[in-house]
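Peer 1: One structure coming up, written as structure tokens, with questions to follow.
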Amino acid sequence: MENTEKRPFGFRDKIGYMFGDFGNDFTFIFASTFLMVFYTKVLGIEASMVGVLFLVARCVDAFTDVGMGRIADLTPENPKGRFKVWILRMCGPVAVSSFLMYQSSLANASMSVKVVYMFVTYLLWGSIFYTSINIPYGSMASVISDQSKDRQSLSVYRSLGSTFAAVAISVIAPLFIYRLDKDGNQVVIGDMFTFVSGVFSVLAVVCYLLCYFLVTERVRLGKKETKEKRGSVVKTLVQVFSSRALLAVILISILTLCATIMSQSISTFLFADYFKNTKALSVNNFLGLPAALILAVISGKLVEWFGRKELTAVGCIVAAVIFFIVYFLKITNVWVYIVLSFIASVGGMYLFNMTIWAMITDVIDDQEVHTMQRDDGTIYGVYSFARKVGQALAGGLGGFALSAIGYDSLAAAQTDSVRMGIYGLSTLFPAVIYTVVAFVFVVLYPLSKRRVEENTKELQRRRG
């Protein structure tokens with residue numbers, strides 16, 4: 001690969017890359033949070049059928065994620081770069097297909113029509129169009145700059161984009177799609193789903209275009225490398241799956257997702273049944289924003305000093321220790337719990353979110369050093385699919401765990417053993433998970449600060 005003489009990397013690239021994930025999440029987070037509500041409460045589709053849809057989609061993703069990664073890798077070089085062009089090409093289809101999923105006018109259609117429409121529009125949006133923009137977007141970080149500190153800043157700004165989108169959607173959407181009936185119950189307004197999805201789709205296109213025009217791809221494939229990339233897909237996948245670094249990152253991500261999704265799904269029950277203080281839950285949820293802002297300021301310098309592997313491993317150890325302490329102390333003061341769990345989450349989940357996207361670029365570099373072939377899109381596609389599988393597996397953990405401890409959804413108050421079980425799921429479970437993640441980082445993940453620096457120097461030498 002070769003470095004082209006272009007505008008130096010700077011704040012414009014960071015902001016542009018942030019807008020890319022902002023655009024992604026205007027449709028992705030909205031769907032993750034409210035699509036099930038729309039399907040069940042507006043269209044009246046059984047939740048079990050929606051579950052079948054999600055299962056089918058993950059099977060389709062196995063082909064489209066990796067396939068799109070390969071297509072992006074084989075995209076010919078052009079003055080705008082290999083990956084940016086896909087953002088421009090696909091931002092419209094992503095937005096339109098997202099909007100089409102939320103058509104409340106179908107509420108009175110026959111169930112067979114609604115189910116077929118649900119499958120077609122969801123697969124078009126999630127497995128085809130969203131994949132065709134998200135895979136190139138994620139792969140693009142490795143070609144915006146070949147410097148480790150620049151890639152870390154891109155990872156931070158991507159995480160900020162996701163955080164801002166999550167806050168905006170969680171605050172704005174409920175104001176429009178719910179209303180109180182005369183009995184004080186929250187009722188879904190079907191037509192407002194269509195309206196809100198349309199607004200978010202337009203905003204997504206705006207964000208994608210900002211990403212396209214603000215970001216510059218600087219690292220390009222040479223002509224020889226471009227020809228070499230048109231080899232066997234099977235051979236490429238074998239090489240990718242032989243990467244110890246990629247397999248370790250996949251395992252780390254799945255474990256971290258389990259800890260994160262478990263905490264999110266159990267938090268409502270913890271504050272309602274154990275602490276009996278649901279107002280404190282709002283404070284606890286809001287802390288994600290300041291945590292992201294704090295780490296955005298300091299994580300880049302910390303990574304520069306200690307390295308991504310080293311810093312994130314220590315963060316996981318800190319998180320594990322604090323969660324173990326909180327578990328054994330059996331804290332009953334909700335505010336003490338919030339402070340300690342916040343510190344633990346900063347060391348674990350939030351710090352990991354700030355570094356993971358840069359780790360993927362490290363994996364891509366390491367693979368190129370060993371195989372003499374650059375497979376940005378393929379590696380990112382494999383990681384993206386593995387992450388989706390992890391999300392699907394982790395998504396059911398909360399429900400299974402609550403059943404295992406004997407939670408009674410019809411009871412006005414839970415027994416003491418159930419309450420302590422909820423507390424254990426919120427503290428002991430993440431403590432164990434973060435201990436395992438720290439072990440994987442230390443023992444299995446090979447890309448230390450020194451190794452990353454050596455890989456960067458070697459690739460710069462090859463590119464001349």
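The values are calculated or read from the model by the stated rules, or taken from the named source; none is laboratory data. Computed from a predicted model, the values in this text were never measured in an experiment. Every residue, glycine as well, gets a Cβ built from its backbone with ideal geometry; the counts of neighbours run over all protein chains shown. Quick note on the areas: whole protein, heavy atoms, side chains included, nothing else; ligands and nucleic acids left out. Shrake-Rupley method; radii C 1.70, N 1.55, O 1.52, S 1.80 Å.
Peer 1: Of the cross-linked pairs Lys41/Lys276; Lys149/Lys457; Lys14/Lys80; Lys276/Lys388; Lys41/Lys114, which ones have a Cα-Cα span greater than 22 Å in the structure shown? Mind dumping the intermediate values first?
Peer 2: On the way: Lys41/Lys276 28 Å; Lys149/Lys457 14 Å; Lys14/Lys80 17 Å; Lys276/Lys388 34 Å; Lys41/Lys114 13 Å.
Over 22 Å apart, Cα to Cα: Lys41/Lys276; Lys276/Lys388.
Peer 1: Heavy atoms only, 1.4 Å probe, whole protein assembly: order Glu453, Glu368 by accessible area, highest first.
Peer 2: On the way: Glu453 85, Glu368 5 Å².
I get Glu453, Glu368, largest accessible area first.
Peer 1: Right, another one. Taking N as the number of residues in the stretch 59-135, what value does Rg over Cα atoms divided by 2.2 N^0.38 Å take?
Peer 2: With N residues counted in the stretch 59-135, Rg over 2.2 N^0.38 Å equals 1.32.
Peer 1: Can you work out D for the stretch 235-368 in µm² s⁻¹ from Stokes-Einstein, where Rh is the Kirkwood radius over C-alpha pairs, the temperature is 25 °C and the viscosity is 0.890 mPa s?
Peer 2: 150
Peer 1: Put one equal scatterer on each alpha carbon of the stretch 1-128, apply the Debye formula with no solvent term, and list log10 I(q)/I(0) at q = 0.11, 0.17, 0.18, 0.21 1/Å to two decimals.
Peer 2: Results for the stretch 1-128 at q = 0.11, 0.17, 0.18, 0.21 Å⁻¹ read -0.51, -0.98, -1.05, -1.30.
Peer 1: Under 12 Å from the Cβ of Ile15, count the other residues' Cβ atoms, weight Lys and Arg +1, Asp and Glu -1, and hand me the total.
Peer 2: In short, +1.
Peer 1: Of the trypsin sites (Lys or Arg not before Pro) in the stretch 67-111, which ones lie in a loop per DSSP and count no more than 16 other C-beta atoms within 10 Å? Could you put the intermediate results ahead of the total?
Peer 2: On the way: sites: Arg70, Lys80, Arg82, Lys84, Arg89; in loops: Lys80, Arg82.
Sites meeting the loop and neighbour criteria: Lys80.
Peer 1: Along the stretch 103-120, what does the Karplus equation 6.51 cos²θ - 1.76 cosθ + 1.60 (θ = phi - 60°) give for ³J(HN,Hα), rounded to whole Hz, x for Gly and Pro?
Peer 2: Those phi angles translate into 8, 5, 5, 7, 4, 9, 6, 5, 4, 5, 5, 5, 5, 4, 4, 4, 5, 5 Hz.
Peer 1: Given C-alpha coordinates of the stretch 109-168, what is the ratio Rg to Rh with the Kirkwood estimate of Rh? Each step should come with its number before you reach the end.
Peer 2: Working: Rg = 17.4 Å, Rh = 14.2 Å.
Over the Cα atoms of the stretch 109-168, Rg/Rh equals 1.23.
Peer 1: Take the Cα pairs of the stretch 389-464, get the Kirkwood Rh, then feed it into Stokes-Einstein at 10 °C and 1.306 mPa s and tell me D in µm²/s.
Peer 2: 97
Peer 1: Once amide H atoms are placed 1.01 Å from N in the peptide plane, what residues at a sequence separation of 5 or more from Tyr178, or on another chain, have their amide H within under 5 Å of its amide H?
Peer 2: Ile189
Peer 1: Something else now. Provide, for q = 0.09, 0.13 Å⁻¹, the log10 of I(q)/I(0) from a solvent-free Debye sum over equal Cα point scatterers in the chain.
Peer 2: -0.61, -1.28
Peer 1: Further question: What's the percent breakdown of Cα-Cα distances in the stretch 1-53 across 10 Å bins, shortest bin first?
Peer 2: Bin by bin from 0 Å, the calculated values are 20, 27, 20, 15, 13, 5.
Peer 1: If you don't mind, there's one more thing I want to ask. Over what distance in Å are the Cα centres of the stretch 8-71 and the stretch 274-323 separated?
Peer 2: About 25 Å separates the Cα centre of the stretch 8-71 from the one of the stretch 274-323.
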